[in-house]
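Beneath this line is the structure, given in structure tokens, with notes to follow.
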Amino acid sequence: MVERAATVDGLARVAELITEHEVERVVVGLPLSPPSVEGEALRDYYARKFGFAKGHDYAVVYPAVNRLLQAAGRAIRSERDRAAIVLLEGRILEPRYARCLPPDFAPARSEGAASEASRFLQPPC
């Protein structure tokens with residue numbers, strides 16, 4: 001087993017455990033852009049054009065969810081790959097973020113993520 005850590009797009013910390021046929025991907029934290037003048041200007045522009053809530057969504061929420069999905073998707077490289085994606089971020093369950101996820105990517109709170117991931121990654125009988 002090889003263990004390595006990487007920074008995805010410089011924003012999300014991702015730890016990856018790789019074995020011969022399985023991948024567990026752990027995304028720690030929602031990859032929100034750090035505060036910046038450019039980010040504030042973009043959010044202000046969208047807020048003027050579409051309203052405050054939509055401005056925040058377009059400038060902050062959608063890019064963060066997109067980066068999160070990209071990080072999760074890197075675990076699957078072929079049709080035969082199986083991956084367990086563990087998101088250590090409670091905010092992803094909030095409606096503001098959850099509604100941005102595709103229907104087949106439905107996160108749920110778990111008290112035993114490690115055992116669930118291990119069970120999921122067991123080869124079919």
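The values are calculated or read from the model by the stated rules, or taken from the named source; none is laboratory data. Here the structure is a predicted model, which means the values were calculated and not measured. All Cβ positions, even for glycine, are placed from backbone atoms using ideal geometry, and neighbour counts span all protein chains on display.
Being among the polar types (S, T, N, Q), over 30 Å from residue 44 (Cβ atoms) and part of a helix (DSSP H, G or I) is a property that residue 115 has.
Would it be correct to say that residue 58 is under 15 Å from residue 32 (Cα atoms), surrounded by 16 or more Cβ atoms within 10 Å (Cβ to Cβ) and of a type in the set (Ser, Thr, Tyr)? Yes: the conditions hold for residue 58. Restricting region 79-108 to residues that are basic (Lys, Arg) and assigned to a helix (DSSP H, G or I), the residue that is farthest from residue 38 (Cα to Cα) is 91.
Take residue 76 and tell me if it is β-branched (Val, Ile, Thr) and assigned to a loop (DSSP other than H, G, I, E, B). So residue 76 passes the test.
Among residues of region 22-44 being of a type in the set (Asp, Glu) and in contact with a Leu (Cβ under 7 Å, 6 or more places away or on another chain), the one that is modelled with the lowest pLDDT is 22.
Residue check: is residue 59 more than 30 Å from residue 120 (Cβ to Cβ) and within 21 Å of the chain's Cα centre (by Cα)? Criteria met by residue 59.
Restricting attention to region 29-50, the residues that are under 26 Å from residue 90 (Cα atoms), small (Gly, Ala, Ser) and exposed (fewer than 13 other Cβ atoms within 10 Å of the Cβ) total 1. Being crowded, with 17+ Cβ neighbours inside 10 Å, within 11 Å of the chain's Cα centre (by Cα) and on the phi < 0 side of the Ramachandran plot is a description that applies to residue 67.
Selection of first residues in region 78-103 that are loosely packed, with under 14 Cβ neighbours inside 10 Å and of second residues that are of a type in the set (D, E, K, R) and outside any helix (DSSP H, G or I), restricted to Cβ pairs under 8 Å at least 6 apart or on distinct chains, gives the following pairs, ordered by first then second residue: 90/109; 93/109.
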